[in-house]
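Values in this text are rule-based calculations from the coordinates and carry no lab data. Owing to the predicted nature of the structure, the values given are computational and were not obtained by experimental measurement. We place every Cβ from the backbone using ideal geometry, glycine too, and count neighbours over all the protein chains shown.
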Amino acid sequence: MIILSIETSCDETAVAVTRGGREVLADEIFSQTDIHALYGGVVPELASRNHAAHIGRLADMAIAKAGVSKRGIDAVAVTNTPGLIGALLVGVNFAKGLAMALSVPLIPVHHIRGHIAANYIAFPKLAPPFLCAIVSGGNSIIADVRGYTDISIIGRTRDDAAGECFDKAARVMGLGYPGGAALDKMAQTGNDGKYALPRPAIEGRPYDMSFSGLKTSVVNIVHNAKQKGEAIDDPSLAASLSAAVSEILVSRVMAAAQEYGHSKIAIAGGVAANSRIRADFVKASEEQGRALYIPPLSLCGDNAAMIGCQGYYEYEAGNTAGMDLNAFAAMDAALNH
Ligand code: KG4
């Protein structure tokens, strides 16, 4: 089955063509990061306008690269939740038009389910059940993946995502936007115990997380030092922050794996690139004897191949939509709508 898939939930316009779920024939992406970097964060209206401007050419490029004809497309999959509503609507309406013109099924895909499916592309033998952490600029979620379409959230951030925390800290440290990767690099030579940063816990919700207090702590440390004319040890502040985020995340994921009885742990989302988080997950998984799956960076960030892959399993489960399909900004705990 050949699926053309579309992802426009945030600031990446992406179109892919996949075969049989896990085989990627084309994976085209236009990242708007440079456009939004001017404003220090994603500007929703600009994201929507850029999706509208680029989606058509990306679809043409994906179809050409995949070497299929438009008539060879068996279904169209599209991210319809969660994300920026205007951005999602561009993709949903483009998908509807294409599915209608080609008279093929339309498959709605939950963005977080897509991130989980990136692991199926990277690791062809991986199958549920497993525990998956999705950590990106917009999400920090721990999901219990019992089946390809039987997934629920068991932990999530109560405020900022881990990536947002890294990005805001990086910005106040003068590392630009999005500065997570630069902060990671800077942390390599730092002392991770130099700055005392909070590790908040949420009473009664052992797998939920909070990163906004951590973000504010870093901002306050930098501002206070500036006011007093004191120098900041940037590498050590970066290392201390990386250690705190990693501890918050890794401890919860490993405890959840234990409680839910998962022998396999998968990590998805851009923050999975963080070297401290990777190293801590590798160590903890080895200690507990659990298998660890971290996809390559190209599949960790937003892309359409993962939407096509999950779309295949949604189709198999009978989850198709009509021309009344809508987009939703927020998600529910069962990862449905
Ligand atoms: O999944 P992703 O590509 O997309 C969105 O969330 O839109 O994640 C991007 C996030 C950004 O916050 C970025 O700063 C962060 O992932 N990131 C990192 C690293 N590489 C990317 N954060 C920490 N360390 C890294 N090495």
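In table form, for the structure just shown:
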{"read-out": "Rounded FRET efficiency, nearest 0.05, which uses the C-beta distance separating Leu102 from Arg57 and R0 of 22 Å", "value": "0.75"}
{"read-out": "Cα-based convex hull volume of the chain per residue, rounded to whole Å³", "value": "123 Å³"}
{"read-out": "Rounded tilt (10° steps) of 162-172 against the dominant C-alpha axis of the chain", "value": "60 degrees"}
{"read-out": "Exposed-site-free run, longest, the chain (rule: trypsin sites (Lys or Arg not before Pro); DSSP loop; at most 15 other C-beta within 10 Å)", "value": "195-337"}
{"read-out": "Violating pairs (Cα-Cα greater than 23 angstrom) within the set Lys65/Lys264; Lys168/Lys228; Lys194/Lys226; Lys194/Lys228; Lys70/Lys125; Lys65/Lys125", "value": "Lys65/Lys264; Lys70/Lys125; Lys65/Lys125"}
{"read-out": "Approximate spin-label separation Glu286-Phe328, in nm, with each point projected 7 Å along Cα-to-Cβ", "value": "4.2 nm"}
{"read-out": "Dipole-positive endmost among Val135, Gly86, Ile73 within region 62-166 (Cβ charges, Cα centre)", "value": "Ile73"}
{"read-out": "Segment Lys65-Arg158, length gained on full extension (0.36 nm per residue, minus Cα span)", "value": "29.4 nm"}
{"read-out": "Spatial separation of Cα centroids for region 1-20 and region 52-121, in angstrom", "value": "4 Å"}
{"read-out": "Region 1-159 shape via C-alpha gyration tensor axes, a/c threshold 1.5", "value": "oblate"}
{"read-out": "The chain, relative contact order in percent, only Cα pairs under 8 angstrom and at least six apart counted", "value": "25 percent"}
{"read-out": "Taking region 131-198 and dividing mean pair separation by its residue count, relative contact order in percent (alpha carbons under 8 Å, at least six apart)", "value": "21 percent"}
{"read-out": "Within the chain, helix-based [θ] at 222 nm, where runs of 4 or more DSSP H residues each add -39,500 (n - 2.57), nearest 500", "value": "-14500 deg cm²/dmol"}
{"read-out": "³J(HN,Hα), Karplus 6.51/-1.76/1.60, whole Hz, each residue of region 216-232, x for Gly, Pro", "value": "5, 4, 5, 4, 5, 4, 5, 5, 4, 4, 4, 4, 8, x, 8, 8, 9"}
{"read-out": "Mean separation of Cα contacts under 8 Å, 6 or more apart, over the residue count of region 128-294: relative contact order %", "value": "27 percent"}
{"read-out": "Where GluC sites (Glu not before Pro) in DSSP loops with at most 12 other Cβ within 10 Å are excluded, longest remaining stretch of the chain", "value": "1-202"}
{"read-out": "Once exposed loop chymotrypsin sites (Phe, Trp or Tyr not before Pro) are cut out (DSSP; at most 16 other Cβ, 10 Å), longest piece of the chain", "value": "40-327"}
{"read-out": "Glu230/Asn191 FRET efficiency (R0 22 Å; Cβ-Cβ; nearest 0.05)", "value": "0.85"}
{"read-out": "Under 5 Å, built H, 5+ apart or other chain: amide partners of Met209", "value": "Arg156, Thr157, Arg158"}
{"read-out": "Residue-wise HN-Hα coupling along region 53-69, computed from phi with Karplus coefficients 6.51, -1.76, 1.60 (Hz; x: Gly, Pro)", "value": "6, 10, 5, x, 5, 5, 5, 4, 5, 5, 5, 5, 5, 6, x, 10, 8"}
{"read-out": "Column: log10 I(q)/I(0), Debye, Cα scatterers of region 128-294, q = 0.19, 0.21 Å⁻¹", "value": "-1.16, -1.37"}
{"read-out": "Integer Hz, Karplus 6.51/-1.76/1.60 couplings in order for region 114-125, x for Gly and Pro", "value": "x, 4, 4, 5, 3, 5, 5, 6, 5, 10, x, 9"}
